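First the structure, in the form of structure tokens, and then the observations on it.
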Amino acid sequence: MSDSYTPPKIWTWNKESGGKFANINRPISGATHDKELAVGKHPLQLYSLATPNGVKVTVLLEELLEKGHKGAEYDAFLVDILEGDQFSSGFVAANPNSKIPALVDHSTSPPTRVFESGSILLYLAEKFNEFIPQDPTQRTECLSWLFWQMASAPLLGGGFGHFYAYAPEKLEYPIDRYTMEIKRQLDVLDKLLADKEYMCGDEYTIADIATWPWYGALVKGLAYDAAEFIEAHTYKNVIRWADQIAERPAVQRGRMVNKTWGEPESQLHERHDASDFDTKTQDKIG
């Protein structure tokens, strides 16, 4: 175990925090440079990256289009968070918290900005009256699980993922602490899905769409290369649910949007039309 750390009386920022995201971490908010956001041809303008939080929104948009909602057509512009695109003046105006994703709905006057992935999912589900139960009790259950995911994800990403995969040194205490919590959360989800097809029963909802990119990816070995470490194979109900959702065509499209890593055929850096998923068009964009 490393030497113990005694916090100073007043913390000061005098060095980079280390790790993969050290160059963009800072203790203040706001824009670092002037740059307006691009605006495409559709009412819905998404500014994002294919992290789990970004995938939530593109999956829902593709699901809405799959159901025939033409008003869900969207432009998805790439925000490179490692390059600090989220600190442009335009992006900060769309999301003062400088986190992806951010959505601007130009079908309203003035345009409506929506930030935080859970808020975007709820906004779109209500706008199109899809993927959210109409029965008040079932709707409340859906929102409870949606907010469960929003509260849990920072522990998975910023907690477990950071210390297990990204921190400049492996530290026993935080890895043990967050692994314990993530396994507890997976147990919660596994028990929920033991007698349910989806998180809220037979209906596929924004609760599933929010949770799948995080916990589905984790148990399938697509996040932090940690499936063996957490014994993902023991969460059989989560794996069944994750595989079932992954088979949906809209999910397969949505996970490609704003993706800049992996196999070239899995990437669609920007999305402006349904035809962008065609190989030739995709190659031009990528």
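About its Cα centre, what dipole magnitude does region 195-251 give when the only charges are +1 on Lys and Arg Cβ and -1 on Asp and Glu Cβ, stated in debye to the nearest 20?
That gives region 195-251 a dipole magnitude of about 60 debye.
Percent relative contact order of region 136-254, based on C-alpha pairs within less than 8 angstrom and at least six residues apart?
That works out to 25 percent.
Which longest run of the chain has no exposed loop site in it, a site being GluC sites (Glu not before Pro) in a DSSP loop with at most 10 other beta carbons within 10 Å, and the site itself not part of the run?
Between exposed loop sites, the widest span is 37-168.
Spelling out what I want: for every residue of region 97-112, take phi, set θ = phi - 60°, compute 6.51 cos²θ - 1.76 cosθ + 1.60 (Karplus), and round to whole Hz; glycine and proline get x.
8, 6, 10, 7, x, 9, 10, 10, 9, 8, 7, 9, 10, x, x, 9
Rounded to the nearest 500, what is the 222 nm mean residue ellipticity of the chain from helices alone, with -39500 (n - 2.57) per DSSP H run of 4+ residues and division by all residues?
-11000 deg cm²/dmol
Is there a quick way to get the dipole size of region 136-254? I mean about its Cα centre, with the Cβ of Lys and Arg at +1 and of Asp and Glu at -1; what is the value in debye to the nearest 20?
My answer is approximately 180 debye.
Magnitude of the Cβ-charge dipole of the chain, K/R +1 and D/E -1, about the Cα centre, nearest 20 debye?
540
Fewest first, what order do R26, R271 take by the number of other Cβ atoms within 10 Å?
So the ranking, lowest neighbour count to highest, is R26, R271.
In whole angstrom, how far apart do the alpha carbon centroids of region 158-187 and region 73-105 sit?
28
Hey, what do the phi angles of region 208-217 turn into as Karplus ³J(HN,Hα) couplings, whole Hz, using 6.51/-1.76/1.60 and θ = phi - 60°, x for Gly and Pro?
Values, residue by residue: 5, 5, 6, 7, 4, x, 8, 7, x, 5 Hz.
Just to be sure I understand: of the beta bridges DSSP finds with both ends in the chain, what percent are antiparallel, rounded to 5?
Just about 60 percent of them are antiparallel.
When a footprinting reagent is the concern and you count Cβ atoms within 10 Å, what order do I28, I132, I81 take, fewest first?
I28, I81, I132
Mind listing the long-range amide H neighbours of L44? Cut-off is under 5 Å, sequence gap 5 or more, other chains count too, H placed in the peptide plane at 1.01 Å from N.
HN-HN under 5 Å from L44: D75, H106.
Can you give the relative contact order of the chain as a percent, counting alpha carbon pairs under 8 Å and 6+ residues apart?
21
Taken together, the values in this text are just the output of simple stated rules run on the coordinates, not laboratory data. This one's a predicted model, so the numbers in the text were calculated from it and none came from an experiment. Every residue, glycine as well, gets a Cβ built from its backbone with ideal geometry; the counts of neighbours run over all protein chains shown.
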